[in-house]
Structures are given as C-alpha cells and as structure tokens.
Amino acid sequence: MSNDGKQILENLIPESQIPEKSVIREVIKDAFKEAASVPESKIPEGCVERTLTMRDRNAIMGACTAYCQKDGHKGLLDQTRLNKIKKLLNWDETLEYFAMVDDSLEEEVRLWRKTKNQYALWRDYRAGLAKAEDIKKTYPSLDLEGEFKKPELREPELKSDEKCGPKKAVHLPSKLDAWVQDALRAMEWLTKMEELAVEVCAKFGIKNED
C-alpha cells in the first residue's frame with residue numbers, strides 16, 4: 001500500500017480507538033525470545049552453517065533472484081536452486097516478520113500522534129484555552145487534572161535490532177552455499193545498501209576485494 005493510502009486509512013481511525021500501548025511490538029519481542037531459545041543443532045553432513053538475520057535473508061534472496069535473471073543463466077536449474085534457497089531461508093517467515101515490523105511502526109506512530117494531541121489539549125486546558133467538555137468528546141478518559149508527561153519530539157523509529165530481525169542458523173548444502181556466494185559477488189548493490197552488502201558477504205567469507 002502506498003504512503004498516501006496508509007495515511008488515508010490512518011485518518012479514518014478514531015483517536016479514541018488507538019491503543020495506549022503497542023500490541024505488535026510485544027509480538028516482535030516474542031519473536032526475538034523464540035529465536036534465542038532455539039537449541040543448537042548438529043550441522044548436517046555436506047552442509048555449511050550460516051547465522052543470518054531476517055535482513056540478511058532478504059538481501060540474499062534479492063541477490064539470488066537477480067542472479068537467476070542474468071543473461072546466459074540456465075533458467076530451470078537456477079530456478080530450482082532459488083526455490084531451495086527460499087525454503088532453507090524460510091522466506092515466508094522473513095516476509096511475515098517485516099510485514100509485522102511495518103505494522104508495529106505504523107501503530108507506534110499513531111499512538112505517538114494521539115499522545116501528542118492529548119498533550120496539546122491538556123496544556124490548552126490548563127492554560128484556560130480549552131473547555132473540558134469539548135476535550136472529553138474526543139478523549140473521554142483523559143485526566144485533565146493530573147500530570148501529563150510531554151511526548152518525544154520525534155516520531156518513533158525502529159531500533160537497529162528490529163530492522164535486522166532475529167538471528168537464526170541456516171544449514172546450506174555446500175554446492176548451494178557456493179552458488180549463493182556467486183550471486184552475492186555478482187550483485188550490483190545500491191549505494192544505500194553497501195553497508196548491508198559488506199555485512200552479508202562477510203558472513204559468507206567474501207571480502208571487499210573479492
């Protein structure tokens with residue numbers, strides 16, 4: 001959905017129905033706890049273990065998909081490899097995680113805006129510039145006589161670990177792992193992705209000069 005579309009939907013949500021606490025963020029925390037609690041497993045024979053974040057998996061899928069589309073590649077063979085990579089990386093889980101993260105940020109931004117509006121109305125009321133009955137029409141539970149903590153000036157942003165997602169060990173067959181390395185080397189990374197490219201490549205033993 002476009003940003004304009006999200007804004008329209010956001011404006012349709014009555015502020016009284018915006019929760020006081022982010023529900024989705026708790027789910028994200030549980031995802032990190034679940035990943036940390038997974039016991040170490042034995043590396044299958046003929047496989048290589050790579051410890052990857054959700055963001056790493058995203059970058060790898062992008063590189064492998066682009067690699068399959070290059071001229072001179074064998075479509076069926078590369079597509080088979082890509083399907084195996086998608087399954088081993090648990091691609092559906094990765095997509096679900098980033099969709100959840102996006103929803104969490106939207107939820108927190110809505111909550112921040114609601115709190116900001118409440119603070120402005122509370123301040124106007126205390127200064128005698130607004131009537132309690134008018135404010136209560138929008139925020140019936142707002143305590144106008146109590147103290148109100150001033151909200152942060154900046155909109156909420158994702159934490160660095162939330163942008164990356166939980167780490168998980170992935171076991172790739174050696175030949176498939178080598179193919180992924182070829183795809184990473186062949187990828188034409190965007191300037192804004194250079195840092196990510198270095199991080200992901202390093203996890204596969206690929207240095208800048210490679």
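Taken together, the values in this text are just the output of simple stated rules run on the coordinates, not laboratory data. Everything quoted here is computed from the prediction, not taken from an experiment. Note that we place each Cβ from the backbone using ideal geometry, even for glycine, and neighbour counts take in every protein chain shown.
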Does E133 count as under 30 Å from K86 (Cα atoms) and not hydroxyl-bearing (S, T, Y)?
no
Run down A127, A169, A178, A120 and say which single residue is in contact (Cβ under 8 Å) with a residue 40 or more places away in the chain and small (G, A, S).
A169
Would you list the helices (runs of 4 or more DSSP H) that sit entirely within segment 122-191 and hold 1 or more residues that are buried (at least 16 other Cβ atoms within 10 Å of the Cβ) and among the aliphatic types (A, V, I, L, M)?
132-138, 174-186
Residue under question is S104, and the condition is that it be part of a loop (DSSP other than H, G, I, E, B) and among the polar types (S, T, N, Q); does it hold?
no
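From the list N90, N117, pick out the single residue that is touching a strand residue (DSSP E or B) at 6+ places or on another chain (Cβ under 9 Å) and of a type in the set (S, T, N, Q).
Working: N117 fails: touching a strand residue (DSSP E or B) at 6+ places or on another chain (Cβ under 9 Å).
Result of the check over N90, N117: N90.
Out of all the residues in segment 51-60, which are assigned to a helix (DSSP H, G or I) and closer than 15 Å to D177 by Cβ?
Here is the first cut: in segment 51-60, the ones assigned to a helix (DSSP H, G or I) are 54-60.
Selection gives D56, R57, I60.
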Hits in segment 83-112 - residues which are without any contact (Cβ under 8 Å) to a residue 60 or more places away in the chain and among the charged types (D, E, K, R)
K86, K87, D92, E93, E96, D102
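Tell me whether segment 102-115 contains one or more residues that are loosely packed, with under 13 Cβ neighbours inside 10 Å, farther than 20 Å from D177 by Cβ and within 23 Å of the chain's Cα centre (by Cα). Break it down stepwise before answering.
Taking segment 102-115 and keeping what is loosely packed, with under 13 Cβ neighbours inside 10 Å, we get none.
Among the residues of segment 102-115, not one is loosely packed, with under 13 Cβ neighbours inside 10 Å, farther than 20 Å from D177 by Cβ and within 23 Å of the chain's Cα centre (by Cα), which makes the answer no.
In this structure, does K84 turn out to be charged (D, E, K, R) and touching a strand residue (DSSP E or B) at 6+ places or on another chain (Cβ under 9 Å)? Spell out the reasoning first.
Values: charged (D, E, K, R): yes; touching a strand residue (DSSP E or B) at 6+ places or on another chain (Cβ under 9 Å): yes.
It is true that K84 is charged (D, E, K, R) and touching a strand residue (DSSP E or B) at 6+ places or on another chain (Cβ under 9 Å).
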